[in-house]
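Before any comments, here is the structure.
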């Protein structure tokens, strides 16, 4: 099944380069749309799906995040993010 993906207006995707190798490479992403809250996305091998949770800014150094290239985001995660932000 081919999933049609489009880039949402105002959606930014980030990585934390200091934690990428520690937690399994490119399986952790952060997102934020416009001035909204940050979300943490992590792939879980067991159930084989992406988990999302809202980030508490008091527990995270936002300055440590770097923008991710949209092309580097897995297709399945793009679909999850689009569904998440359309709700």
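Matching residues to (1) at pLDDT 90 or above; (2) in contact with a strand residue (DSSP E or B) (Cβ under 7 Å, 6 or more places away or on another chain):
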| position | (1), (2) |
| --- | --- |
| 48 | no, no |
| 51 | yes, yes |
| 54 | yes, yes |
| 58 | no, no |
| 63 | no, no |
| 68 | no, yes |
| 71 | no, no |
| 80 | yes, yes |
| 85 | no, yes |
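Could you list all residues from segment 34-69 that are part of a strand (DSSP E or B), in contact (Cβ under 8 Å) with a residue 40 or more places away in the chain and surrounded by fewer than 17 Cβ atoms within 10 Å (Cβ to Cβ)? Once the filter is applied, which keeps residues that are part of a strand (DSSP E or B), in contact (Cβ under 8 Å) with a residue 40 or more places away in the chain and surrounded by fewer than 17 Cβ atoms within 10 Å (Cβ to Cβ), segment 34-69 yields 66, 67. Of all the residues in segment 70-87, those that are surrounded by 10 or more Cβ atoms within 10 Å (Cβ to Cβ) and not in a helix (DSSP H, G or I) number 2.
The values are calculated or read from the model by the stated rules, or taken from the named source; none is laboratory data. Please read these numbers as outputs of a predicted model, since none were measured by experiment. Note that we place each Cβ from the backbone using ideal geometry, even for glycine, and neighbour counts take in every protein chain shown.
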